[in-house]
Amino acid sequence: MAVKEVIRMGHPILAQIAEPVEEFNTLWLETLIEDMFDTMAARDGAGLAAPQIAVPRRVVIFGVQRNPRYPEVEEVPTTVLINPQISVLDDTLEEDWEGCLSLPGLRGRVPRYRRIRYTGFDQNGDPLERTADGFHARVVQHEVDHLDGILYPQRMTDMRSFGYEQELFPDATISPLE
Ligand code: NI
């Protein structure tokens with residue numbers, strides 16, 4: 001178990017296409033996933049992709065627990081998703097705020113598909129298939145983009161909303177979710 005350094009925008013690994021996982025049930029994979037959960041929890045993230053800890057493999061994790069202090073935040077099941085594929089079920093784009101642990105302190109409004117199906121494998125190699133909409137769909141699209149070397153500013157269509165959260169939300173006691 002270890003909290004890893006999160007690499008930031010500009011590091012070449014964040015711009016790479018990550019390689020698929022070929023073997024499941026390995027100590028290497030188990031350790032990677034533990035490190036990712038430790039790192040995400042330490043930074044209060046909603047999701048993390050392996051390239052963000054400098055491991056260019058197609059592994060993402062995400063999850064948001066319901067929190068009575070933030071009732072507006074939608075719950076997202078805690079998930080390990082390996083070699084993911086996304087298909088779009090509703091190509092309506094919805095714009096909302098995003099942040100990223102690789103762009104600390106910054107926020108921007110990002111258009112994402114409203115409803116998707118995602119497939120992939122869990123850490124044991126068992127297939128996983130889900131439909132997701134709203135915030136859940138947004139988190140998955142954000143994390144899977146990391147595996148293709150895409151950071152959220154590259155998905156923005158209006159860069160005027162891109163900025164530092166302390167300037168964008170000077171009165172906020174809580175900030176929009178990572
Ligand atoms: Ni991110």
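With respect to R109, determine if the residue is over 21 Å from I61 (Cα atoms), within 16 Å of the chain's Cα centre (by Cα) and surrounded by 14 or more Cβ atoms within 10 Å (Cβ to Cβ). Reasoning before the result, please.
On the way: over 21 Å from I61 (Cα atoms): yes; within 16 Å of the chain's Cα centre (by Cα): yes; surrounded by 14 or more Cβ atoms within 10 Å (Cβ to Cβ): yes.
It is true that R109 is over 21 Å from I61 (Cα atoms), within 16 Å of the chain's Cα centre (by Cα) and surrounded by 14 or more Cβ atoms within 10 Å (Cβ to Cβ).
Checking each residue of the stretch 154-169 against the condition of being buried (at least 19 other Cβ atoms within 10 Å of the Cβ) and either farther than 23 Å from E34 by Cα or not hydroxyl-bearing (S, T, Y) (or both) gives no match.
For the stretch 66-82, a tally of residues being under 14 Å from the mean Cα position of the chain (by Cα) and over 12 Å from V139 (Cβ atoms) returns 2.
Note on the stretch 112-127: residues that are over 15 Å from Q154 (Cβ atoms) and open to solvent by less than 30 Å² (accessible area, probe 1.4 Å) amount to 4. If you filter the stretch 35-62 down to residues that are among the basic types (K, R) and under 20 Å from E23 (Cα atoms), you find that the one that is most open to solvent (accessible area, probe 1.4 Å) is R57. Note on the stretch 118-173: residues that are within 15 Å of the ligand (Cβ to nearest atom), not small (G, A, S) and not in a helix (DSSP H, G or I) total 5. Taking the stretch 63-90, which residues are part of a strand (DSSP E or B) and either among the β-branched types (V, I, T) or within 13 Å of L147 (Cβ to Cβ) (or both)? Matches in the stretch 63-90: V64, V76, T78, T79, V80, L81, I82, N83, P84, Q85, I86, V88. Among residues of the stretch 152-173 that are without any contact (Cβ under 8 Å) to a residue 40 or more places away in the chain, those with a beta-carbon under 9 Å from a residue that is away from the ligand (no atom under 16 Å from the Cβ) at least six positions away or on a different chain give the pairs A172/Q166. Of all residues in the stretch 59-76, those satisfying the criterion of being in contact with an Asp or Glu (Cβ under 8 Å, 6 or more places away or on another chain) and more than 15 Å from the ligand (Cβ to nearest atom) are Q65, R66. When V80 is tested against (1) away from the ligand (no atom under 15 Å from the Cβ); (2) open to solvent by 50 Å² or more (accessible area, probe 1.4 Å); (3) not acidic (D, E), exactly one condition is not met: (2). In this structure, does V88 turn out to be more than 16 Å from the ligand (Cβ to nearest atom), in contact (Cβ under 8 Å) with a residue 40 or more places away in the chain and more than 14 Å from the chain's Cα centre (by Cα)? It is false that V88 is more than 16 Å from the ligand (Cβ to nearest atom), in contact (Cβ under 8 Å) with a residue 40 or more places away in the chain and more than 14 Å from the chain's Cα centre (by Cα). When only residues in the stretch 40-58 that are of a type in the set (A, V, I, L, M) and closer than 14 Å to V76 by Cα count, which is nearest to the ligand (Cβ to nearest atom)? Step by step, filter the stretch 40-58, then rank; the result is L48.
The values are calculated or read from the model by the stated rules, or taken from the named source; none is laboratory data. The model shown is predicted, which means the values in this text are computed figures rather than measured ones. Reconstructed Cβ throughout: ideal geometry from the backbone, glycine too, with neighbour counts over all protein chains shown. To get the accessible areas, we keep the full protein, side chains included, count just its heavy atoms, and leave off ligands, DNA and RNA. Shrake-Rupley method; radii C 1.70, N 1.55, O 1.52, S 1.80 Å.
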